[in-house]
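Here the structure comes first, spelled out in C-alpha cells, and everything after it is commentary.
The values are calculated or read from the model by the stated rules, or taken from the named source; none is laboratory data. Predicted model, so just to flag it, every value in this text is computed and none were measured. Here the Cβ positions follow ideal geometry from the backbone for every residue, glycine too, while neighbour counts run over all protein chains shown. Note: accessible area is taken over every heavy atom of the protein model, side chains too, but ligands, DNA and RNA are not part of it. Shrake-Rupley method; radii C 1.70, N 1.55, O 1.52, S 1.80 Å.
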Amino acid sequence: MNLIEEVLNQLPGDVLGGLRKSDRLLNSLRENTAPIPQVVTQSNVPLDNIEWDVVICGGTLGILIGCALVKRGWRVALLERGVLRGREQEWNISRSELEVFLELDLLTKQELENAIATHYNPARVSFLGGTEVWVNDVLNIGVDPIYLLETVKNKFLAAGGKLFENTAFDSAVVHPNGVLVSNTFSTRLLLDAMGNFSPIVQQARQAKKPDGICLVVGSCAQGFQPNNTGDLLASFTPILNNCQYFWEAFPARDGRTTYLFTYMDLDKQHIGLETLFVEYLRLLPDYQGVELSQLQLQRALFGFFPAYSQQLYFPWGRILPVGDSSGNQSPLSFGGFGSMVRHLKRLTLGIHEALATEQLSPSALKLLQPYQPNLSVTWLFQKAMRAGIDRKLDSKQINSLLSAVFDQMQQLGEPVLKPFLQDVVQFSGLTQTLLKTALNHPLLIARVIPQVGILSLIDWTIHYINLGIYTALFKLGVLQNWVKSLPPTKQYYYHRLIDKWQFGSGYDLFS
Ligand SMILES: Cc1cc2nc3c(=O)[nH]c(=O)nc-3n(C[C@H](O)[C@H](O)[C@H](O)COP(=O)(O)OP(=O)(O)OC[C@H]3O[C@@H](n4cnc5c(N)ncnc54)[C@H](O)[C@@H]3O)c2cc1C
C-alpha cells in the first residue's frame with residue numbers, strides 16, 4: 001500500500017475513490033470532453049398559474065438568500081438534490097463580514113456567536129527566503145456550516161419558505177411570465193445556486209474553458225503542537241512540478257486544518273489532485289514540524305475551483321446565478337462562502353426590487369451580476385502566481401515577487417494590506433503598492449511581463465483604469481440622494497448602478 005492509500009484508508013468511506021472521481025472531472029474540464037447539458041429552453045406561451053415568486057435550486061448557500069427573501073414576504077421554494085446540511089469543515093471568514101446575518105435578520109446575536117466555532121490570531125503571510133507579515137482579524141473566524149445552515153433553514157421554514165429535499169433540478173422552461181422548473185414548480189424567478197458545476201451554468205458557458213484553476217488539497221487532523229496562529233498564504237518551496245505551492249493553516253474545532261493549493265492554466269500536462277495530495281503528505285511534516293505518524297486525521301479535504309475572467313450572464317430572463325455558480329468569487333481565493341456573505345445584502349435588496357418592479361428580463365437581471373474591476377484586476381495576480389508548463393521560470397521568481405509585494409504592502413500599513421487579504425482590491429492601495437514595488441524592485445516587475453504576457457497586461461490596464469473610475473464615481477456619491485425621488489422602476493436601475501460602483505471599487509468593505 002502506498003502512502004496516500006495508507007493515510008486516506010484511515011478515514012471512513014472511499015476517500016481515495018472520491019479524490020480520483022474529482023480528478024476525472026478535472027480531466028474532462030481540461031480536455032473539454034464533458035457534454036453540454038441542455039436544461040433550459042424557452043416557450044412563448046404564458047404559464048396559467050404561478051405558484052412561487054422564487055424557486056432556488058441548490059441548498060448550501062441558496063438557503064441564505066432564500067431565508068432573506070422569504071423574510072421580505074416573497075413565496076420561496078428551495079429545491080435540494082440531497083439533504084440540506086452544512087459540511088463538517090468550517091468556513092473561514094472575517095468577523096466584520098458576519099454582521100450581515102444580524103442586519104438581514106437571519107440570525108440573532110446569540111445564534112451568530114453559536115455559529116462561530118473557532119477564532120484565532122494572528123495570521124501569517126510568508127514566502128521562501130523572504131518577508132514574514134503578521135496580521136490580526138483577517139479570515140480568522142471559523143463558522144460552523146452545520147449549525148449555520150440548520151439555524152437559517154429553521155428560520156426559512158418558520159417564515160413560510162418550503163424546502164424540497166431529495167429533489168433535483170433537471171430542467172427549466174422560461175415562459176413570458178415565469179419559469180417552469182423540473183416540470184413541477186412554476187415561479188416568477190429561478191435562482192441557480194447549484195455551485196461551480198451547475199448544469200445551467202454549463203449550458204450558458206457553452207463549453208468555454210475556464211481561464212484558470214485553483215487546486216486545493218488538505219486535511220483537518222489532531223496531534224499538532226498547540227498553536228493558535230494561522231497562515232493565510234505561506235510558501236516554503238520553489239516552483240515544483242510546474243506549480244508554485246501555497247499553504248494555509250489554522251486551528252479548527254477538532255484539530256488543525258492545513259491546505260496546499262496551487263494555481264494553474266488548463267494545460268492537460270499539469271498535475272491533478274491525487275499527485276497534489278501525495279505532495280501534501282510529503283511536505284506537511286516540514287511545513288508544520290510534525291511526523292505524519294503523530295497525526296490523527298479527522299477528514300481529508302480537496303477540490304478545484306474553475307475561474308473565468310468574463311462575468312457570466314444568462315441569455316434567458318428570469319434566471320439568476322448566486323453563490324459559486326455566479327463566479328463572483330475572487331480568482332485568488334476559494335472563499336465562495338465569504339463572497340456570498342459579502343454580496344448577500346446587495347443580492348437580497350436587488351432581487352427584492354427586481355421582483356417588486358417586475359424587472360426580470362435578461363438585461364435587468366444582468367445588473368445583479370455586475371462587472372467588478374476590483375476582481376478583474378486580480379486576474380493578473382493569479383497569472384503571476386502560476387507557472388505554465390512551457391515557461392521556464394526561475395524557480396524562485398514567484399516567491400521573490402510576492403515577497404517584494406507584501407513587503408511593500410506591510411510598509412504601507414494595514415489599510416492597504418488587510419483589504420487585499422480579504423479579497424478586496426482598492427484603487428489607492430493597489431496604486432501605492434505597485435508604484436512602491438516598481439520603484440524598489442524594477443527588475444522583478446520587468447521579469448513578470450513575459451510571464452503574464454503583454455495582452456494580459458493591456459487587459460489589466462483597462463480594468464485598473466475602470467477601478468479608478470468606479471472609485472471616483474462611488475466616492476462622489478452623485479446619485480445616492482437624487483435616486484430617492486425617482487419612481488420604483490427607475491430606482492431599480494439607479495440602485496444597481498450605485499451597487500456596481502461600490503462593489504466594483506471594493507468600497508463595500510467599509511459600508
Ligand atoms: C477544501 C475547501 C475549503 C473551502 N474553504 C472555504 C473557506 O474557508 N471560506 C469560504 O468562504 N469558502 C470556502 N470554500 C468554498 C465554499 O465551500 C464554497 O464557495 C461554497 O460551498 C459554495 O456554495 P454553493 O452553494 O454556491 O455551491 P456548492 O457548495 O457546490 O453547493 C451546491 C448545492 O447545490 C446542490 N445541487 C447541485 N446540483 C443540484 C441539482 N441538480 N438540483 C438541486 N440541487 C443541486 C448541491 O447538493 C449543493 O447543496 C472551500 C471549499 C473547499 C472545497
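Quick notes on this structure:
- The Rg/Rh ratio of region 114-218, with both radii computed over alpha carbons and Rh defined as the Kirkwood radius, is 1.11.
- In the chain, helical runs assigned H by DSSP with n ≥ 4 each contribute -39500 (n - 2.57); averaged across all residues and rounded to the nearest 500, the mean residue ellipticity at 222 nm is -12500 deg cm²/dmol.
- Viscosity 1.567 mPa s, temperature 4 °C, Stokes-Einstein D of the chain from Kirkwood C-alpha radius, µm²/s: 54
- 29 Å Cα-Cα threshold exceeded, pairs from Lys383/Lys418; Lys162/Lys208; Lys162/Lys345: Lys162/Lys208
- Region 176-306 - Debye-derived log10 I(q)/I(0), Cα point model, q = 0.09 Å⁻¹: -0.40
- The apolar share of the surface of the chain, taken as the fraction of accessible area on carbon and sulfur atoms (1.4 Å probe, ligands and nucleic acids excluded), comes to 54 percent.
- Equivalent-ellipsoid semi-axes of region 295-386, from the Cα gyration tensor, Å, largest first: 29, 17, 11
- Lys, Arg +1 and Asp, Glu -1 on Cβ, resulting dipole of the chain about Cα centre, debye, nearest 20: 1140
- Taking 18 Å as the straight-line reach from the Cα of Lys392, the aspartates and glutamates in range (excluding those fewer than 8 positions away in the same chain) are Asp265, Asp267.
- Under the Debye formula (equal points on every Cα, no solvent term), log10 I(q)/I(0) of region 314-361 at q = 0.19 Å⁻¹: -0.67
- Sparse-neighbour loop sites [trypsin sites (Lys or Arg not before Pro); region 181-211; at most 16 other C-beta within 10 Å; DSSP]: Lys208
- Charge tally in the Cβ shell below 12 Å around Val70, where Lys, Arg are +1 and Asp, Glu are -1, Val70 excluded: +4
- Derived scalar couplings ³J(HN,Hα) [region 220-234; Karplus, 6.51 cos²θ - 1.76 cosθ + 1.60; whole Hz; x for Gly, Pro]: 10, 9, 9, x, 7, 4, x, 7, 9, 10, x, 10, 8, 7, 9
- Ranked by the mean number of other Cβ atoms within 10 Å per residue, highest first, peptides 39-46, 106-113 order as 106-113, 39-46.
- Against the empirical curve 2.2 N^0.38 Å, the C-alpha radius of gyration of region 374-475 lands at a ratio of 1.07.
- Distance between region 140-196 and region 464-511 - C-alpha centres, whole angstrom: 29
- By a 1.4 Å probe calculation restricted to protein chains, His343 has an accessible surface near 10 Å², given to the nearest 10.
- Annotation for region 272-330: GluC sites (Glu not before Pro) lying in DSSP loop with at most 12 further Cβ atoms inside 10 Å of their Cβ are Glu291.
- Kyte-Doolittle at least 1.0, axis length at least 27 Å by Cα - qualifying DSSP helices, the chain: 454-476
- In the full protein context, the chain carries 41 Å² of accessible surface per residue, based on a 1.4 Å probe and ignoring ligands, DNA and RNA.
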